[in-house]
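Everything below concerns the one structure shown next.
The values are calculated or read from the model by the stated rules, or taken from the named source; none is laboratory data. Note that the structure is predicted; figures quoted are calculated from it, not measured. Counting neighbours? That spans all protein chains shown, and the Cβs are built from the backbone with ideal geometry, glycine included.
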Amino acid sequence: MQTITEYQFKKNLSTILDQINDKSLPIIISREHNASFVIIPKSGYDAIEGVFEIMGDDIEKLYKLYLKSKNSSGINGKNS
């Protein structure tokens, strides 16, 4: 997955959005002092929503397990 800076994203917005749409690949937008973002094509978002609908309550259980494992690993996935 390609990572670009917030500045690059702002400077080349139209080109980057076309790239995301044409290649159907997500791009990470990194920000110096803030949370990063992932931009995905709508088709990818629709697919994710479809999986959530199919999995129903199981997705909530998986998410809770993920959060529990992330919290037990400490910050940045390193043991405390």
Worksheet item: Restricting to region 16-69, what's the tally of residues that are part of a loop (DSSP other than H, G, I, E, B) and under 22 Å from THR3 (Cα atoms)?
Response: 11
Item to complete: Identify the single condition in (1) surrounded by 13 or more Cβ atoms within 10 Å (Cβ to Cβ); (2) within 11 Å of the chain's Cα centre (by Cα); (3) not charged (D, E, K, R) that PRO41 does not satisfy, given that it satisfies every other one.
Response: (2)
Item to complete: For LYS10, state whether it is in a helix (DSSP H, G or I) and modelled with pLDDT under 90.
Response: no
Item to complete: Identify, from the list ILE40, ILE20, ILE27, ILE16, the residue that is in contact (Cβ under 8 Å) with a residue 12 or more places away in the chain, in contact with a strand residue (DSSP E or B) (Cβ under 9 Å, 6 or more places away or on another chain) and farther than 28 Å from TYR63 by Cα.
Response: ILE16
